[in-house]
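Here the structure comes first, spelled out in structure tokens, and everything after it is commentary.
Just so you know, all these numbers are worked out from the coordinates, no wet-lab data involved. Since we're looking at a predicted model, the values are computed, not measured. Please note: Cβ atoms are built from the backbone with ideal geometry, for glycine as well, and neighbour counts cover all protein chains shown.
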Amino acid sequence: MTDCLFCKIIKGDIPSDKVYEDDTVYAFKDINAVAPHHYLIIPKQHIAMINDVQDGDAKTMGRLFVAAKNIAKQQGFAEEGYRTVMNCGEAAGQTVFHVHLHLLAGRDLSWPPG
Ligand code: AMP
Ligand code: ZN
């Protein structure tokens, strides 16, 4: 999608601090980190929100979690623990409409989330 912020990041039209990339997934540091480690893991395919995920996207969506595990190992917090979050829709706080898995670590994360 031409006017999607995260599609532009994948293309390199907007700079990002990349932490991981494979054929399906791109991951980068969140510009407004809310934890010592805060990354966004996104599919290279444009999918706006969970509501739009199709049966055929199941493998792509699963790759986001494989990437999360790989990043956690690379960054050294796999054993300590981490949280993944995907917001869907405005009430959940979704502000960028290209699905993204937040990966958070490096501090105590309270439950339930706000
Ligand atoms: P959400 O509120 O779940 O839609 O998350 C969107 C996230 O994208 C927020 O945590 C923002 O800080 C982050 N974000 C927005 N623009 C950029 C950008 N240019 N580079 C990195 N992260 C961004
Ligand atoms: Zn997009």
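For the chain, the cysteines with no partner cysteine C-beta closer than 4.7 Å are Cys88.
Backbone amide hydrogens, once placed in the peptide plane, bring Tyr26 within less than 5 Å of Ile42, Lys44, excluding anything fewer than 5 places away on its chain. For the chain, a Gaussian network of Cα nodes joined below 10 Å ranks His102, His46, His38 by mean-square fluctuation, and the top entry is His46. Non-local lysine pairs in the chain, meaning eight or more places apart or on different chains, with alpha-carbon distances under 19 Å, amount to 15.
Taken one residue at a time, the phi angles of the stretch 103-114 give Karplus couplings (6.51, -1.76, 1.60, θ = phi - 60°) of 10, 10, 6, x, 8, 5, 10, 6, 9, x, x, x Hz. Gly and Pro are set to x. Among Val53, Val25, Val99, the largest mean-square fluctuation in a Gaussian network model of the chain (Cα springs under 10 Å) belongs to Val53. Note on the chain: with charges restricted to the Cβ of Lys and Arg (+1) and Asp and Glu (-1), its dipole about the Cα centre is near 200 debye. Pairwise Cα distances in the chain exceed 22 Å for 29 percent of all pairs. Our helix-only sum for the chain, with -39,500 (n - 2.57) per DSSP H run of n ≥ 4 divided by its residues, gives a mean residue ellipticity at 222 nm of -7000 deg cm²/dmol.
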